[in-house]
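Down below is the structure, laid out as structure tokens.
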Protein chains: 4
Amino acid sequence: MRATRLVDIGEIRTEEVPVPTPARGEVLIRVEACGICGTDRHLLHGTFPSKPPLTLGHEFAGIVVAVGDGVTLAEGTRVTCDPNTWCGACENCLRGRVNLCLNNVATGLGRDGGFAEFCAFPAHKAHVLPADLDPLHGAFCEPLACTIHGIDMGAPRPGERVMILGGGVIGMLALQLCVQAGAEVMMVTRAAAKQALGRTLGAAETAATEAGARAIWPLGADLVVECAGVTETVEMAPRLARDGGRVVILGVLGRGETVRIEPFDLLFREVQLLSSFINPFTQARAAAMIAAGRIRVDPLISRTLPLAEAAASIAAPARAGEIRAIVLPCA
Amino acid sequence: MRATRLVDIGEIRTEEVPVPTPARGEVLIRVEACGICGTDRHLLHGTFPSKPPLTLGHEFAGIVVAVGDGVTLAEGTRVTCDPNTWCGACENCLRGRVNLCLNNVATGLGRDGGFAEFCAFPAHKAHVLPADLDPLHGAFCEPLACTIHGIDMGAPRPGERVMILGGGVIGMLALQLCVQAGAEVMMVTRAAAKQALGRTLGAAETAATEAGARAIWPLGADLVVECAGVTETVEMAPRLARDGGRVVILGVLGRGETVRIEPFDLLFREVQLLSSFINPFTQARAAAMIAAGRIRVDPLISRTLPLAEAAASIAAPARAGEIRAIVLPCA
Amino acid sequence: MRATRLVDIGEIRTEEVPVPTPARGEVLIRVEACGICGTDRHLLHGTFPSKPPLTLGHEFAGIVVAVGDGVTLAEGTRVTCDPNTWCGACENCLRGRVNLCLNNVATGLGRDGGFAEFCAFPAHKAHVLPADLDPLHGAFCEPLACTIHGIDMGAPRPGERVMILGGGVIGMLALQLCVQAGAEVMMVTRAAAKQALGRTLGAAETAATEAGARAIWPLGADLVVECAGVTETVEMAPRLARDGGRVVILGVLGRGETVRIEPFDLLFREVQLLSSFINPFTQARAAAMIAAGRIRVDPLISRTLPLAEAAASIAAPARAGEIRAIVLPCA
Amino acid sequence: MRATRLVDIGEIRTEEVPVPTPARGEVLIRVEACGICGTDRHLLHGTFPSKPPLTLGHEFAGIVVAVGDGVTLAEGTRVTCDPNTWCGACENCLRGRVNLCLNNVATGLGRDGGFAEFCAFPAHKAHVLPADLDPLHGAFCEPLACTIHGIDMGAPRPGERVMILGGGVIGMLALQLCVQAGAEVMMVTRAAAKQALGRTLGAAETAATEAGARAIWPLGADLVVECAGVTETVEMAPRLARDGGRVVILGVLGRGETVRIEPFDLLFREVQLLSSFINPFTQARAAAMIAAGRIRVDPLISRTLPLAEAAASIAAPARAGEIRAIVLPCA
Ligand SMILES: NC(=O)c1ccc[n+]([C@@H]2O[C@H](COP(=O)([O-])OP(=O)(O)OC[C@H]3O[C@@H](n4cnc5c(N)ncnc54)[C@H](OP(=O)(O)O)[C@@H]3O)[C@@H](O)[C@H]2O)c1
Ligand SMILES: NC(=O)c1ccc[n+]([C@@H]2O[C@H](COP(=O)([O-])OP(=O)(O)OC[C@H]3O[C@@H](n4cnc5c(N)ncnc54)[C@H](OP(=O)(O)O)[C@@H]3O)[C@@H](O)[C@H]2O)c1
Ligand SMILES: NC(=O)c1ccc[n+]([C@@H]2O[C@H](COP(=O)([O-])OP(=O)(O)OC[C@H]3O[C@@H](n4cnc5c(N)ncnc54)[C@H](OP(=O)(O)O)[C@@H]3O)[C@@H](O)[C@H]2O)c1
Ligand SMILES: NC(=O)c1ccc[n+]([C@@H]2O[C@H](COP(=O)([O-])OP(=O)(O)OC[C@H]3O[C@@H](n4cnc5c(N)ncnc54)[C@H](OP(=O)(O)O)[C@@H]3O)[C@@H](O)[C@H]2O)c1
Ligand SMILES: [Zn+2]
Ligand SMILES: [Zn+2]
Ligand SMILES: [Zn+2]
Ligand SMILES: [Zn+2]
């Protein structure tokens, strides 16, 4: 089969490899769709830790085509894959903080992932999707699960105001979750097209800058969700929170990068700064929401591409205005 | 009567003023003890907002000697005073965030306070203390109430590890609350005498620096409570938190001062950065704990002084090693 | 002016009384609309404590027509009234549990209320509504504020399942709040008309009985909100909760009435039984939601009536199928 | 080896069985101590579900004497055993509610347990204890882990009042956790000897009955922890809670048994009724507290007995006044 592999840091290639055999407790999945995420670019450039050589791709869904021993999932089932596997035995797992598992071997980061025709995958991390679902939709369960964790943490309530900073896939999912949670939401992103998409997905307001956001809501927001992952937005997030408000950081800055915050402002206005990491106990909810069509993902698909183009697309920077490019490995 | 007054920014003076008359809903208190807090120095130097001329002193207790209309508190009762008075009608009060009240007129900051022989004070903010309590103890209810709010937020659990950064009065109170909460506590402060006092008050470990703290607990603490109010400790606090840990900032940096934090470290270890401002709904608990002798405050009293020396003591920097100096206005 | 007064337990009468004068801190409100609530019937029959003689009516809104000393609200402002006034000084208020205030004198229960042409009312408990709002809508802020408190407690999350038991005004408001919170909601009520209204307001499912509800969702609901206030629904609520689910009781049974619960079922499935009492810190949010038109209240208005008919309507049982009858005292 | 086995419902016998071989991921433990719990009696009488024939015993600790494939625990290590094993894949596990796992096969209930000389046990559920710890202490980690879960839920804060209902092992552990959490605790149990032990372990007050408890604290307790598991105490628990208080039920009533509660009292005083089931994510904390000697368990050991007497002791009712009887299978 063909697989797009990180051969070494800085080197990515689509090559022929054997179809894997599912081990005990695993299923073999024919991959229908696998999203290209910013993390894939970090893995390529070595700014996110990985263990090459390995097949990339951690946002994927497909059809079970074979099963290992001890697996009850039927062949033919459509599933979406939670790439993170916690050990259940490390000191973090034992405290219930499974997203901080010290032994997590994430599929697509620490073991072969979804940019391939087939993927051997732990059955208990595969969530069933309806047979009649658009195959592309399953590729959004992983980013949605991460976003649900962040929004659970921020806990927007009906009638509250929420600002989303950043109009990428995480921002657009966060926006929809907050609108669904009954909040009045502002999308803060620079590109006009993303602002327009934000309105389509339920944003009551849009802005391009901190000053623009403040002009609309001078008192700030009950909850600010940082989904851009750049210094500027992380620094503006607490300032845009209302007195007594919460900030949830989902965006990732590089290891070692620092930002400046003003403790006086946090303290006298009692603004809380929370960070949300991946998807503890939220993947099943994400899969259920995608299965039920409760989240609009079609507008987030900027383009699809065959596996043959995956390596080049990962190697290039994200295209301007692109939300998500989805690889169809078997197309 | 004599009162120590902030005549103008930078100018403090003890002078003769009329004894106030308690208005409707107020009591007249003969002040037994009033602590000198770092905030008093900030008020003098104008680094904390106030409206001079006014009598300073917001950590005080005394005896009710007269009552205004509509007050049921008996004369002769010993009370401790919650200086903050929320309006109940501003947008923050209406959401239950009374410590962020937009109309708070704090006694000793916005109206005449406790560095005086007598003080007119709202009866419903006066908490009854036992007749046989050491009069000095009542001066600790206000800082204790602030500390309780921060420790409630941090929510230490039996068996958890807590680091307290800073061995002043707030740190020593936080230490005792965390020890009482069943945690294993480390006091991180530079002065050897404060470390020794920390041990006396229940600290299992002590350290002087971040490196020292980390050498003892390499994985960090479930909860880090910042009580020093300097850049260095605010910056080290999240680094000293364990994976999945919480940081509570109680210490105050100046308005406009910034610190550097590393978002990657917060996010990948899901460390939460919380800030705690004054004492919403905690003063009654503080008064009850002081009344019951559950908190050791005697070791926190570095010296007592008569009102005549209050102005000079506020004008001078805190003495080295001093925890709390208490003014006895009627001594 | 005319006022509908509880003259004594069991005796209600509309009679001529003097227009009240607003005291210091009060406003005089010309009442535009005042809802008849089940509690009014309890007050009449003495099954809920009150201090007659007094004018009933605690769900009302109107126009400020005069103001007492110290009030900044302008004449002509439309306001809705939070009938509960906490003292801020009792042991429950001091802990922030203001809905349990020991000294609450509720308007319409402990002092003259809204079934009258005019009502003198504490200015700081009056929430501003838009000048162009339908005057009837303001009568729903009080029940909405109570319901918000219950739903905050139950904390439904996007994608969760919620069952609402009871299709009265509280049930219909709870339904809308849970739909807005992103939940999939079932309305459980016996009357077909109320089920149909529930669908209109966003219910995904409806049922008439416990068995019917269970047939649709065999695993139960993440959250069950009891809004009927009868033994049967209180007893079925925990059984209908999913493993690990929450139950919030909003409905009121009579003092002394008991229900049977099975602790084994609660414990082995870890179902939590929560109760929600009136509206601590939620009235401003309720008023804002009504002002913004975020809650549909028109379908909840079964009929309007003049003050002359208020006494008879309170004395009669609620009409079959009626959600809310609204008295227009100045019509 | 010898093992005390539930041969069938109602039939328990100590008999010779082969020493088990540890499978992949398992360790073989030489059992040093295994507590007799009320649940063992329920298993014998069939009032708690089980799958005989099987070796009973779920509160045990011992020494690793052999390891299966893939295990890193060293032979000779002292460990305590968390009998519950969640699957990580059922709908409850996927939501993080691992104590409600639908596929939990608990050691001593669903697979061979600790009333035997040796036990094969999943390595990742074995928690390391110090080599120099009293071997009996490890038998208390399981009940302590369950109690920690309940007390986490009740969340006592320094200065709050807590009533513990029931002076068995769970009550005595709950008492210590609440004292450690800074609360003022009353032990409510009928036996004078247990009251006296409660005082030794930190109780500030003791009582034998509801009336006795109320006479001491007329306003009730912030938190009531039910640890007796009888109708009477479950019914009194909410009544003994203070306005706004919490009740945590740890005690187990039989399936189908019902109790009477008064919803009016719960609602108007906003008392929350919580139930706590076994030990999600708390066993490591329990083991650490036992290892550190933070919990006094010696006074809870009423007697030790050899394996030969285990069957008779389980078959007989608990001896009057007995807290815990510990079987020493290898003595
Ligand atoms: N915490 C987690 O578990 C988790 C999981 C997945 C992803 N992430 C992180 O979440 C972040 C977002 O992911 P993504 O896939 O949505 O990334 P993305 O497609 O790069 O989206 C980021 C968006 O931020 C906007 N942006 C950039 N600078 C901005 C500024 N100064 N002000 C306002 N908006 C700005 C950009 O739109 P404009 O050009 O319109 O401004 C861009 O669309 C990334 O950092 C990613 O690593 C975190
Ligand atoms: N949030 C609130 O509601 C609230 C209420 C009251 C007070 N506060 C604030 O809380 C802070 C503490 O108040 P306080 O009265 O206890 O002040 P303090 O007496 O000045 O105590 C601060 C302590 O921090 C220690 N410290 C200074 N630099 C340090 C470092 N680099 N590492 C470790 N420890 C260091 C000092 O002891 P060593 O010399 O031994 O290091 C000093 O004793 C202040 O900022 C105050 O404004 C906040
Ligand atoms: N906690 C608080 O702060 C608060 C505040 C306000 C009101 N309340 C209480 O909340 C409850 C609801 O108030 P409301 O004004 O909405 O009362 P309501 O108009 O009497 O509504 C109750 C509804 O319950 C339904 N019901 C009765 N028996 C039922 C059963 N066996 N199964 C299913 N549904 C049943 C009835 O509809 P069907 O005939 O269709 O079944 C009825 O419409 C009352 O008990 C009230 O006292 C509490
Ligand atoms: N939720 C969980 O995860 C979990 C885990 C383990 C155990 N449990 C359950 O927790 C309960 C306690 O376990 P245990 O091992 O401690 O049981 P236990 O030894 O039987 O202790 C129960 C105690 O309750 C006291 N009691 C009985 N009736 C009373 C009354 N009317 N008023 C006051 N006290 C009364 C008894 O002492 P006096 O004779 O002095 O009154 C007895 O010592 C059991 O129901 C057990 O099944 C639950
Ligand atoms: Zn792990
Ligand atoms: Zn205010
Ligand atoms: Zn009150
Ligand atoms: Zn499971």
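The values are calculated or read from the model by the stated rules, or taken from the named source; none is laboratory data. Being a predicted model, the structure only gives us computed values, none of them experimental. FYI the Cβ positions are ideal-geometry reconstructions off the backbone, even for glycines, and counts take in every protein chain you see. These accessible areas exclude ligands, DNA and RNA; they are computed on the full protein's heavy atoms, side chains included. Shrake-Rupley method; radii C 1.70, N 1.55, O 1.52, S 1.80 Å.
If you plug the beta carbon distance of B:L219 and D:V7 into 1/(1 + (r/R0)^6) with R0 = 45 Å, you get a FRET efficiency near 0.45.
Accessible surface calculations at 1.4 Å, restricted to protein heavy atoms, place chain D at 34 Å² per residue. When the square roots of the Cα gyration tensor eigenvalues are ordered a ≥ b ≥ c, the ratio a/c for the stretch A:145-275 is under 1.5, which makes its shape rounded. Per-residue shielding of B:171-182, expressed as the average number of other chain Cβ atoms within 10 Å of the residue Cβ, stands at 3. Mean partner shielding of peptide D:254-260, defined as the number of other chain Cβ atoms within 10 Å of each residue Cβ, is 5.
Residue-level result for chain D: its Cβ closest to the axis carrying D onto B, with that distance in Å, is D:A181, 3.
Between copies, the label points of D:R190, set 7 Å from Cα on the Cα→Cβ line, lie 4.2, 6.4, 7.6 nm apart, reported in increasing order to one decimal in nanometres. Net charge within 10 Å of A:T209 by Cβ-Cβ distance, Lys/Arg positive one each and Asp/Glu negative one each, not counting A:T209 itself? Result for the local shell: 0.
Residues in the stretch D:220-249, backbone N under 20 Å from the label point at D:A211 (7 Å along the Cα-to-beta-carbon vector): list them, ranges by number please. Taking a point 7 Å out along Cα→Cβ of D:A211, the residues of the stretch D:220-249 whose backbone N falls under 20 Å are D:220-221, D:231-241. Computed over protein heavy atoms with a 1.4 angstrom probe, the accessible surface ordering of D:R97, A:R255, A:R41, C:R157, largest first, is A:R255, C:R157, D:R97, A:R41. Database remark: amide H of D:V224 closer than 5 angstrom to the amide H of D:M163, D:R246, D:V247, D:V248 (H placed geometrically; neighbours at sequence offset of 5 or more, or on other chains; Pro and chain starts carry no H). Across the identical copies, the 7 Å label point of A:D134, projected outward along Cα→Cβ, sits 3.7, 6.6, 7.3 nm from its counterparts, in ascending order. Other residues whose C-beta falls under 14 angstrom from the C-beta of C:L6 contribute a net charge of 0, scoring Lys and Arg +1 and Asp and Glu -1. Relative to the longest principal axis of the Cα atoms of chain D, the long axis of helix D:169-180 makes an angle of roughly 60 degrees.
Taking all protein chains together and rolling a 1.4 Å probe, D:T72 ends up with roughly 140 Å² accessible.
If only the Cβ of Lys and Arg carry +1 and only the Cβ of Asp and Glu carry -1, the dipole of chain C around its Cα centre is close to 280 debye. Taking all protein chains together, C:D112, C:D132 sort by accessible area into C:D132, C:D112, largest first [probe 1.4 Å]. In this Cβ point-charge picture (+1 for Lys and Arg, -1 for Asp and Glu), the stretch B:145-275 has a dipole of about 240 debye about its Cα centre. Kirkwood-type hydrodynamic radius, the protein assembly as shown: 33.3 Å, calculated from all non-identical alpha-carbon pairs. Bridgeable lysines around B:K51 (alpha carbons under 28 Å apart, same-chain partners fewer than 8 residues away excluded): B:K125.
Within the stretch C:6-39, the trypsin sites (Lys or Arg not before Pro) that combine a DSSP coil assignment with at most 11 other C-beta atoms in a 10 angstrom radius are C:R24. Only Cα pairs under 8 Å and 6+ residues apart enter the sum, and on that basis the relative contact order of chain D stands at 19 percent. The gain in end-to-end length when the A:F48 to A:V128 segment is fully stretched comes to 25.8 nm, 0.36 nm per residue minus the alpha carbon separation.
Between the Cα long axis of helix B:141-154 and the first principal axis of chain B there is an angle of about 30°, rounded to the nearest 10. Sorting B:E16, A:E59, C:E15 by accessible area puts them as B:E16, C:E15, A:E59; the probe is 1.4 Å, largest comes first, and only protein heavy atoms count.
The same position D:S302 in the other copies lies at 5.6, 5.9, 7.1 nm from this copy, comparing label points 7 Å beyond Cα toward the beta-carbon, shortest first. Think of it as helices only: each DSSP H run of n ≥ 4 in the protein assembly as shown is worth -39500 (n - 2.57), and spread over all residues that comes to -7000 deg cm²/dmol at 222 nm.
The mean count of C-beta atoms from other chains within 10 Å of the C-beta of residues in D:273-282, rounded to a whole number, is 6. The apolar share of the surface of the stretch A:145-275, taken as the fraction of accessible area on carbon and sulfur atoms (1.4 Å probe, ligands and nucleic acids excluded), comes to 54 percent.
The angle separating the long axis of helix A:231-240 from the principal Cα axis of greatest extent in chain A is about 50 degrees.
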